[in-house]
Amino acid sequence: MDRWKGRVALVTGASVGIGAAIAKSLVQHGMKVVGCARNVEQIQKSAADCVSSGFSGTLIPYKCDLSVEDDVLSMFSWIKVQHQGIDVCINNAGLALPEPLLSGKTSGWRTIMDVNVIALSVCTREAYQSMKERKIDDGHIININSICGHRVINSADAHFYTASKYAVTALTEGLRQELREAKTNIRATCICPGIVKTEFAYRLFSENPEKAAATYKSEKCLQAVDIANAVVYVLSAPPHVQIGDIEITPVDQSM
């Protein structure tokens, strides 16, 4: 990770869970991390924790609603002015809503697509343009996906979310192909976790917290730091190594 010291990373959805763990880990390794979310108070607390822990990098909170393109474009403009641009983009932000295919609300489906697919694509495009204009040839774009990007679990509440994650799988491979055609050494990676103990299920089942708690009690879960460690592994790979897709699941997870 030495080559990333002092360089700039963007981590979306950095307020809690996997995003917060990734942001802290990159700061620990000496990076300047712009952590964005709608709730920056949590990121501010994480930034203070990084300082008190003596980490060599810096966590910079930025308030951004990723479902609003103008917010995203303003964020990238701000990063350009304040920090020249970004070298690493971690597309972590994502959400699920209990909107089945047979009875779900169209508004819920649109919200899922806006965050999980469109916002990810806008951030990817802007990150690449930032790297290209500064002639950064060793940047990295990492999409935090899900095992739901590779298989359909038997849960109506998750089917539309699963479709969005299949899209992320396709987008990451398409990005890899376009980067090769552009004759750049910028790399693209997809990290696909299984069940991770975060606030995710509590948000999905916000009206049924007992169901959310049962989700995490049903089997031993991954921790957010496990995914952060995977990000560090990917970024630590030598320049000639392309890590395309990593699936990470608990040992006991059945799917």
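Things to note:
- Residue check, P61 at pLDDT below 95 and open to solvent by 20 Å² or more (accessible area, probe 1.4 Å): no
- Of all residues in region 159-205, those satisfying the criterion of being at pLDDT 95 or above and aliphatic (A, V, I, L, M) are A163, A167, V168, A170, L171, L175, L179, A182, I186, A188, I191.
- From the options A201, A228, residue that is under 25 Å from M31 (Cα atoms), outside any loop (DSSP other than H, G, I, E, B) and out of contact with any strand residue (DSSP E or B) (no Cβ under 9 Å at 6 or more places or on another chain): A228
- Some residue of region 40-51 being buried (at least 19 other Cβ atoms within 10 Å of the Cβ) and in a loop (DSSP other than H, G, I, E, B): no
- Residue that is surrounded by the fewest Cβ atoms within 10 Å (Cβ to Cβ) [pool: residues in region 105-145 that are small (G, A, S) and closer than 17 Å to A188 by Cβ]: S121
- Which listed residue is more than 30 Å from R7 (Cα to Cα) and either in a helix (DSSP H, G or I) or among the aromatic types (F, W, Y) (or both), from A163, A127, A170, A119: A163
- Total residues in region 187-211 satisfying the condition of being within 14 Å of D157 (Cβ to Cβ) and in contact with a Gly (Cβ under 7 Å, 6 or more places away or on another chain): the figure is 1.
- Tally, over region 205-225, of residues that are in contact (Cβ under 8 Å) with a residue 24 or more places away in the chain and either farther than 19 Å from G19 by Cβ or assigned to a loop (DSSP other than H, G, I, E, B) (or both): 5
The values are calculated or read from the model by the stated rules, or taken from the named source; none is laboratory data. As the structure is a prediction and not an experimental result, all values here were calculated from the model. We place every Cβ from the backbone using ideal geometry, glycine too, and count neighbours over all the protein chains shown. Quick note on the areas: whole protein, heavy atoms, side chains included, nothing else; ligands and nucleic acids left out. Shrake-Rupley method; radii C 1.70, N 1.55, O 1.52, S 1.80 Å.
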